[in-house]
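Working notes for the structure below.
No value in this document is a laboratory result; all are computed from the given coordinates. Keep in mind that this is a model prediction, so the values were computed, not measured. Cβ sites come from the backbone with ideal geometry, for glycine too, and all protein chains shown count toward neighbours.
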Amino acid sequence: STVFLNNEYIPANEAKISPMDRGFLFGEGIYEVIPCYQGQFVGLQPHLKRLFDGLKALEISSPLTTEEWGDLCKKLVSLNEGDNQGIYIQVTRGSAPNRHHAFPKDTVPTIFAFTFEIPAVPMPDKQSVTAYKVSSEQDLRWKRCQIKSTALLGNVLHFQHGVREGNKETILFNQHNELTEASSSNVFIVKDKVIVTPPLDNQILPGVTRHILLNVLREHSDFIIEERVITHQEVLDADEVWLTSSTKEVAPVIKIGEHWVASGQVGDIWLKAQTLFSQYKYLY
Ligand code: PMP
């Protein structure tokens, strides 16, 4: 496959970075994953906006303009095989001769991007959809979860604890027993036809799928939508629980630990939400 590294499109097996890169030494970088189906990107603009927000948080000035980032994504997709590809972009502060915590002067940010094949999104269907069984844990990550940092150790450990229990995701609650997000997804609940998700703050990543879904639901459905604090008890009492992420879109959760969500069946409102998402996802 062809990857992009420091202004060059090169074969993946020729891509090399310095072990002194601060992405490697400190996890000092940010990343994005952007889906592209048949040449059409989902949420390219919000993904690039979040990339810029992340660079600003790290005080790295963007090596490329929004337009150049968009062109890079398009070119990389065209240089690689596959009808449907995810584009991974990572920017780190770059490398310096010495390992010092302080930002070194005059570093050149390292840009690395590659694509990977993703499955086509199937027609939303209650019977055939992958229904998630998830673990739950206290959220033990840091207090800047709005930054899409490459330093994902906290997320990886939470995810792996789920894997150990036979699950593919772990949902997280803060020390006040309030829902934050999952280790690689945002979380929504539905109760009495009201759709609720935690508000944007430093405890969660501002998911692009979350953003698109909220907009689609507000513009194309009559559901009441709330962004507010959700307690652990509300999650257990919910009629439906969903995960959202760029690769999952909207995914139903049927079991949390030993607790079945409502009847343990995929919900009707999930079907409507994913159907609307599929219909309008390219417009944001
Ligand atoms: N939260 C976390 C911690 C994530 O890593 C991700 C991305 N996998 C999400 C939420 C969902 O974000 P997006 O919809 O932009 O993919």
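Using a ≥ b ≥ c from the Cα gyration tensor of the range 179-243 (square roots of the eigenvalues), is it rounded, prolate or oblate, where a/c under 1.5 gives rounded and otherwise the larger of a/b and b/c decides, a/b for prolate? Oblate, since a/c reaches 1.5 and b/c is not below a/b. Among 237-246, 38-47, 124-133, the peptide with the highest mean count of other Cβ atoms within 10 Å heads the list, and the full ranking is 237-246, 38-47, 124-133. Working from label points 7 Å from Cα in the Cα-to-Cβ sense, the D106 to Q160 distance is 4.0 nm. Please give the direction-averaged projected area of the C-alpha convex hull for the range 2-117, in square nanometres with one decimal. Averaging across all directions leaves 6.9 nm² for the Cα convex hull. Count the DSSP beta bridges whose two residues both fall in the range 83-221, then state the antiparallel fraction as a percent rounded to the nearest 5. Of those bridges, close to 80 percent are antiparallel. Taking 19 Å as the limit for the C-alpha separation, the pairs K148/K248; K133/K248; K133/K281 exceed it in the case of K133/K281.
Entry note, the chain: relative contact order of 18 percent, from Cα contacts under 8 Å with a spacing of 6+ residues. By the count of neighbouring beta-carbon atoms within 10 Å, fewest first, Y282, Y37 end up ordered Y282, Y37.
Dimensions of the chain from C-alpha coordinates, computed as largest minus smallest value along each principal axis and given longest first, are 57, 41, 33 Å.
Out of the DSSP beta bridges found with both residues in the range 132-283, what percent are antiparallel (nearest 5)?
Given both bridge residues lie in the range 132-283, the antiparallel proportion sits at roughly 65 percent.
Taking every DSSP beta bridge that has both ends in the chain, the antiparallel portion is near 80%.
What 222 nm value per residue comes from the helices of the chain, counting each DSSP H run with n ≥ 4 as -39,500 (n - 2.57) and dividing by all residues, nearest 500 deg cm²/dmol?
-8000 deg cm²/dmol
The three principal axes of the Cα atoms in the range 190-283 give end-to-end lengths of 38, 31, 26 Å, sorted in falling order. Legend: distances between Cα atoms for K16/K56; K16/K143; K74/K126; K16/K75; pairs beyond 24 Å are K16/K56; K16/K143; K74/K126. Distance between the C-alpha centres of the range 204-255 and the range 133-163: 18 Å, rounded to the whole angstrom.
Taking 0.36 nm per residue of sequence separation and subtracting the Cα-Cα distance, how much length would be gained by fully extending the chain between E258 and H232, in nm to one decimal? Intermediate values should be presented prior to the final figure.
Working: separation 26, 0.36 × 26 = 9.36 nm, distance 1.42 nm.
The E258-H232 span can extend by a further 7.9 nm.
Rounded to the nearest 10 degrees, the angle from helix 153-164 to the longest Cα principal axis of the chain is 50 degrees.
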